[in-house]
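Below is one structure, written out as structure tokens; comments come after it.
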Amino acid sequence: MPEAILKLNEQNEGAFVIMDGEEQLGEMVLSISGTELTVYHTEVSSKAEGQGLAKILLQAMVAYARAHQLKVVPLCPFVHAQFKRHPQEFEDIWVKAEGER
């Protein structure tokens with residue numbers, strides 16, 4: 001089972017990445033500021049599509065947010081769609097946009 005690894009720079013910007021040796025198969029780009037973790041973009045390489053890697057990235061990000069008491073701002077369309085599809089799973093960490101329920 002592939003593992004998502006968090007790589008952050010000094011500004012708390014970076015990504016969860018899934019590697020296959022030297023090759024990056026997937027990434028979830030994010031930044032952390034104060035108590036908010038903002039997710040910008042999720043991408044999986046075309047050769048690794050359909051293997052559930054985006055879900056692994058999502059699970060790693062959610063586990064990290066909960067472990068560090070962070071709230072998630074899902075600017076990434078994939079993450080936002082998952083939050084909307086399963087609101088009860090993410091209610092505790094989801095920072096909703098104005099007008100969202």
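Can you work out which of the residues in the range 54-64 that are buried (at least 17 other Cβ atoms within 10 Å of the Cβ) and not aromatic (Phe, Trp, Tyr) is nearest to VAL79 (Cα to Cα)? So that I can check it myself, show each step before the final result.
Kept after step one, since they are buried (at least 17 other Cβ atoms within 10 Å of the Cβ), are these residues of the range 54-64: 54, 56-58, 60-62, 64.
Within this subset, residues satisfying the condition of being not aromatic (Phe, Trp, Tyr) are 54, 56-58, 60-62.
Values: ALA54: 9, ILE56: 12, LEU57: 10, LEU58: 7, ALA60: 12, MET61: 10, VAL62: 10 Å.
Looking at the filtered set, the residue picked out is LEU58.
For the range 30-53, the set of residues classified as surrounded by 21 or more Cβ atoms within 10 Å (Cβ to Cβ) and not β-branched (Val, Ile, Thr) consists of LEU30, LEU37, LEU53, listed by residue number. Candidates ARG85, ARG66: the one that is under 17 Å from PHE16 (Cα atoms), out of contact with any Ser or Thr (no Cβ under 6 Å at 6 or more places or on another chain) and not acidic (Asp, Glu) is ARG66.
Restricting attention to the range 68-93, the residues that are out of contact with any strand residue (DSSP E or B) (no Cβ under 6 Å at 6 or more places or on another chain) and either buried (at least 18 other Cβ atoms within 10 Å of the Cβ) or closer than 19 Å to GLU13 by Cβ (or both) add up to 3.
Each value in this text was obtained by applying a stated rule to the coordinates, not by laboratory testing. What you see is a predicted model; the values in this text were computed from it and never measured. A quick note on method: Cβ atoms are made from the backbone with ideal geometry, for glycine too, and the neighbour counts reach across all protein chains shown.
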